[in-house]
Structures are given as C-alpha cells and as structure tokens.
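Take a look at the structure below.
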Amino acid sequence: MDLCEGRVAVVTGAARGLGRAHALALAAEGAAVVVNDFGVSLDGTDAQAGPAQQVVDEIVGAGGRAVANTDDVADWAGAKRLVDTAIEEFGRLDVLVNNAGFLRDRMLANLDEEQWDAVIRVHLKGHFAPLRHAAAYWRAEAKAGRQPDARVINTSSGAGLLGSIGQGNYSAAKAGIAGLTIVAAAEMGRYGITVNAIAPAARTRMTEATFAETMAAPDDDSFDAMAPENVSPLVVWLGSSESAHVTGRVFEVEAGKITVAEGWRRGPTVDKGARWEPVELGSVVDDLLAQATPPEPVYGA
C-alpha cells in the first residue's frame, strides 16, 4: 500500500476521531505525517500534549514516520510553526488536511458572543491560517522552479451545507469553509495545488452526544457504518498524486457512500429590464419560488 509513498502530510485535530483515522490511513499508505492536536476537550479547554504523541507512537510502532505538533491552528504564528514542522522534520509538505474543531452548541437566542467567536475562530480561522502558510510555501516552491503536487483537504459539514438547529455558529463556520475551499481552488491551481473539502458523517466526540443511539458501534462483526475510518480512504485518495484533476469540490462521505455536493447555483430568473416597484414583487417572488427546487431540510428541523 503506497498510494502516498514519499509524501508528507499535516493533519490537524489528529489525536482522536476523524483526524486520528486520517493520520493512520495516510501513514499506512506511505506518507510521513505531522500529527497536530492542541489536545483540548470537546469545548476547547484543558489543552494536553499527550493525545497527539499517542497517535505518533502508534504510527511509528507500525513502521511509519510521524511527529507530533501541539500548536493552536487558529493562532497565526502557531499555524506557521505547524507548516514549518513538516518542512523541518521531513524536508517538504505535500498534503494539508484541515480537520480540527470543537463545539459550543446553543440555540441562537441563547448563543453568546464568546461561543460564536470561539467556534468561528477554531473552525474557520483554523482552516485559513494553516492554508495560508502552506500556500505561501507552495507558491515559493513553484516560483523557484520546483512545481508542487500539493493537496488541501478541508473539513466542512452537512451543517454547513444544509444548516443544523442549535448550531448556528458551527453551521456558519462550516459554510464558510466550503466557500473558502472554492476560492482557494480557483486561486491556487496555477501553483500545482488542488483544494477540496469533505462533509463527513461519522461517530466522533462532536457527534456522539447528538447521535448516541443511531451512531452506536455494532456489537458483532458487521459493517460499522459510523466508524471514522470509513471517511479516511477518500481523504487519502484526495491527498495522493492520482487526484490532480479534482479541485474545488465538496464531497459528503458517510459509511460506504460518497456524494458530490452541488452548492448554490442560479435557478429560475425573471428580468423586468427596469427597476421593480415593491408592490409588484409579491407575485413575482411567489412565481419564482414555485419554479424553484425546494430546499433540503435543515438538520433537526
């Protein structure tokens, strides 16, 4: 198994759940992995270095190459140190998997400023900051005549694509990540960088409270549909050289199912050729909506 042989990957939030599964899967396919995790609890507190090192030990014990990094990915200097860790330890960077995040769930009427800011910071800035520093490195490589074969895999969510009751902050951040992915793909292609995103459904610390019954692991040897490991094969493939023709896409991944998400696109249109009067628009909007595809329901609605 050598789909990523010789490649160097950074995986954020890689101590547990999806990030851990991605790091182990990339290492199993030959990649050297920087295992990044701030080591915080589900609500973003109580940072510890141990969890990242445990994943490193697991990779090294299986014959792979890995190093731990405990920087805060939403800290500008920390994100730079993370990218530098890959270059200093393994001589290059080829793959960035942005996965780190946590929850502060509240209904909007109860959501306070700190809960909003914290989730937007960790998810959205925590994707942008490592992406920005990795992109600067790859652009410099391209300008020096060393054309990158680089990959970014971001982590959006069904909450970001469709919305989720009680998760206005999380949904907004994940929608922002989907938008960031599309822009980054358009801007970075000239430097040999592809940028895609996944919207996974799996049993993790962030989902276990919400889906405790439906996401329980089976007691027998049957297929565990909600195992985080089901998501990682697509991450590995997107991180490989084989995926060079795929960029600017968002994939929903659940169990054995992979779906290409199709985002905002123009639907029914009417053009008067002049400015509308407000009184005219009731019937106009109603007609447009009658022609439009009904939206998918918001999670929890």
*asked:* Checking the conditions here, which among 129, 175 is surrounded by 17 or more Cβ atoms within 10 Å (Cβ to Cβ) and without any contact (Cβ under 8 Å) to a residue 40 or more places away in the chain?
replied: 175
*Does residue 232 fit the bill of being touching a Leu at 6+ places or on another chain (Cβ under 6 Å), hydroxyl-bearing (Ser, Thr, Tyr) and in contact (Cβ under 8 Å) with a residue 60 or more places away in the chain?*
no
*asked:* So, in segment 287-301, exactly how many residues are surrounded by 10 or more Cβ atoms within 10 Å (Cβ to Cβ) and in a helix (DSSP H, G or I)?
replied: 4
*If you check 117, 112, 149, which single one turns out to be in contact with a Ser or Thr (Cβ under 8 Å, 6 or more places away or on another chain) and surrounded by fewer than 19 Cβ atoms within 10 Å (Cβ to Cβ)?*
149
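When you scan segment 250-269, do you find a residue that is assigned to a loop (DSSP other than H, G, I, E, B), surrounded by 14 or more Cβ atoms within 10 Å (Cβ to Cβ) and under 30 Å from the mean Cα position of the chain (by Cα), even just one?
yes
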_So in segment 25-53, with the set limited to residues that are modelled with pLDDT of 95 or more and either surrounded by fewer than 16 Cβ atoms within 10 Å (Cβ to Cβ) or of a type in the set (D, E, K, R) (or both), which one is nearest to residue 118 (Cα to Cα)?_
37
_Could you check segment 117-127 and list, in sequence order, the residues that are in contact with a strand residue (DSSP E or B) (Cβ under 9 Å, 6 or more places away or on another chain) and under 9 Å from residue 169 (Cβ atoms)?_
119, 123
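The values are calculated or read from the model by the stated rules, or taken from the named source; none is laboratory data. Bear in mind the structure is a predicted one, so any value in this text is a computation, not a measurement. Neighbour counts run over all protein chains shown; Cβ positions are idealised from the backbone, glycine included.
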